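Report on one structure; see the data block that follows.
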Amino acid sequence: PPPAPGMERVLGQPAEVAIGLLGEPTLDRREGMARQLQFAGACVLDIFYVQKMGQAPLAVHTEARLPNGRDVQPAECMQSLLKARAMVRPQG
């Protein structure tokens with residue numbers, strides 16, 4: 001199925017794309033050929049990457065939750081994180 005609206009910016013892309021959009025992750029975990037990046041703010045967004053032989057790891061799945069553990073839509077969480085990042089970036 002196609003990614004949820006807004007998530008196409010990271011799904012199917014390498015980790016550098018998410019890091020460029022959301023800044024440094026609060027967690028960068030690797031296990032075998034899989035990688036998980038976690039970005040936190042008003043919500044927590046996990047992006048999961050899988051590497052196929054001879055290729056760079058690409059994002060294949062996302063999950064999101066609020067700090068209290070309640071689920072939230074990944075696209076909604078990503079928008080919240082993007083807005084927060086835009087507010088702290090210096091203007092120029």
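Taking the options 8, 24, 16, name whichever one is under 17 Å from residue 84 (Cβ atoms) and open to solvent by 60 Å² or more (accessible area, probe 1.4 Å).
Of 8, 24, 16, the one residue that is under 17 Å from residue 84 (Cβ atoms) and open to solvent by 60 Å² or more (accessible area, probe 1.4 Å) is 24.
Condition check ((1) free of Cβ contacts under 8 Å to residues at least 12 places away in the same chain; (2) small (Gly, Ala, Ser)) across all residues:
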{"site": "56", "(1), (2)": "no, yes"}
{"site": "63", "(1), (2)": "no, no"}
{"site": "83", "(1), (2)": "yes, no"}
{"site": "87", "(1), (2)": "yes, no"}
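Could you tell me whether segment 43-63 includes any residue that is closer than 17 Å to residue 85 by Cα and surrounded by fewer than 15 Cβ atoms within 10 Å (Cβ to Cβ)?
Checking segment 43-63: not a single residue is closer than 17 Å to residue 85 by Cα and surrounded by fewer than 15 Cβ atoms within 10 Å (Cβ to Cβ).
Return the pairs, sorted by first residue and then second, in which the second residue is among the acidic types (Asp, Glu) and modelled with pLDDT of 95 or more, the first residue lies in segment 1-22 and is within 15 Å of residue 55 (Cβ to Cβ) and outside any loop (DSSP other than H, G, I, E, B), the beta carbons are less than 9 Å apart, and the residues are 6+ apart or on different chains.
Here the result reads 15/28, each pair linking segment 1-22 to a residue that is among the acidic types (Asp, Glu) and modelled with pLDDT of 95 or more.
Looking only at segment 42-92, which residues are in contact with a strand residue (DSSP E or B) (Cβ under 6 Å, 6 or more places away or on another chain) and acidic (Asp, Glu)?
46, 63, 71
The values are calculated or read from the model by the stated rules, or taken from the named source; none is laboratory data. Everything quoted here is computed from the prediction, not taken from an experiment. When we count neighbours, we look across all protein chains shown, and the Cβ atoms used for this are built from the backbone with ideal geometry, even at glycine. With ligands, DNA and RNA removed, areas are computed over all heavy atoms of the protein, side chains included. Shrake-Rupley method; radii C 1.70, N 1.55, O 1.52, S 1.80 Å.
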